[in-house]
Amino acid sequence: MDNTSISFTSKIRFVDRPVYKMMKKANYIDFHHNSSNILKAKEFYSEEIRTCTGGGLVSPSIEAEGFHFLDDKVNNKKFPMIVNSLFRFVKNPERGLLIGSKELKGNPYSIIQFENLKKTFLERVKNVSLFQKHRYTNSESYYHYSLDDDTWTILSAFRREDSPKYNVVKSLRDLRECFEKISIADGDRLFIGKKEILPEDCPEIFNL
């Protein structure tokens, strides 16, 4: 069979804290400027995505890269270089994922950075899933990607302004409360825990 006729499907799985902590993880991606913020590997992960933007580009069964970019003036100025680096590591990605950003005083580049990456991805990648803009001041996301099973495993948590307790995304309702905009790319499959969320469960978040 001609490989160009194969349609790949990435899995996106939201899990709770115990499941995420128990996962074996390799190839951590940091967001500080003295570290490499882009990594091409078969497996990678990044954590504490708050006002930053994280995610990756994937050619399923072939190659993948992850990233985590701090939302600051330096990265805003270097944006063209960042884009060139992303598409140099994985030249013809079929799928992509973006997660993060937050509207906070003192973080003027957070939304701008996400929007710039989103625009670039949607122009150059056929299928992109988005988890855009954490709704709450106290919210964060962690992710892990494995090329072997083409799966994004994500832990997202948020604390309402009037509550002392963090909530972890364990349901579709939690997911929609955590992020202002969600878009699941054509072909991607969304799971929360062991339950698959189908397009008929929430058609407005699936890009059919």
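For K102, are the conditions met, namely being more than 17 Å from E48 (Cβ to Cβ) and under 15 Å from the mean Cα position of the chain (by Cα)?
No, not satisfied.
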- request: Report, by residue number, each residue of the range 173-202 that is open to solvent by 40 Å² or more (accessible area, probe 1.4 Å) and either more than 23 Å from K118 (Cα to Cα) or of a type in the set (A, V, I, L, M, F, W, C) (or both).
  value: R173, K194, K195, E196, L198, E200, D201
query: Picking from G106, G100, which residue would you name as being outside any loop (DSSP other than H, G, I, E, B) and of a type outside the set (K, R)?
result: G100
message: Checking S35 against (1) open to solvent by 50 Å² or more (accessible area, probe 1.4 Å); (2) within 18 Å of G100 (Cβ to Cβ); (3) more than 17 Å from the chain's Cα centre (by Cα); (4) not acidic (D, E), only one condition comes out false. Which one?
response: (1)
Odd one out for F44 among (1) in a loop (DSSP other than H, G, I, E, B); (2) aromatic (F, W, Y); (3) modelled with pLDDT of 95 or more: (1)
- prompt: Do we find a residue being at pLDDT 95 or above, touching a helix residue (DSSP H, G or I) at 6+ places or on another chain (Cβ under 8 Å) and acidic (D, E) anywhere in the range 69-85?
  reply: yes
message: Can you pull out every residue in the range 52-101 that is surrounded by 24 or more Cβ atoms within 10 Å (Cβ to Cβ) and in contact with a His (Cβ under 8 Å, 6 or more places away or on another chain)?
response: C52, T53, G54, G100, S101
query: Consider K24 against the criteria (1) farther than 24 Å from K91 by Cβ; (2) over 16 Å from the mean Cα position of the chain (by Cα); (3) touching a residue at least 12 places away in the same chain (Cβ under 8 Å): it satisfies all of them except one. Which criterion is unmet?
result: (3)
- request: Could you please give the count of residues in the range 114-172 that are surrounded by fewer than 18 Cβ atoms within 10 Å (Cβ to Cβ), among the charged types (D, E, K, R), without any contact (Cβ under 8 Å) to a residue 24 or more places away in the chain and more than 15 Å from D16 (Cβ to Cβ)?
  value: 5
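The values are calculated or read from the model by the stated rules, or taken from the named source; none is laboratory data. All values reported here derive from a predicted model rather than from experimental measurement. Cβ sites come from the backbone with ideal geometry, for glycine too, and all protein chains shown count toward neighbours. When the accessible area is computed, the model is the full protein with side chains, heavy atoms only, and any ligands, DNA or RNA have been set aside. Shrake-Rupley method; radii C 1.70, N 1.55, O 1.52, S 1.80 Å.
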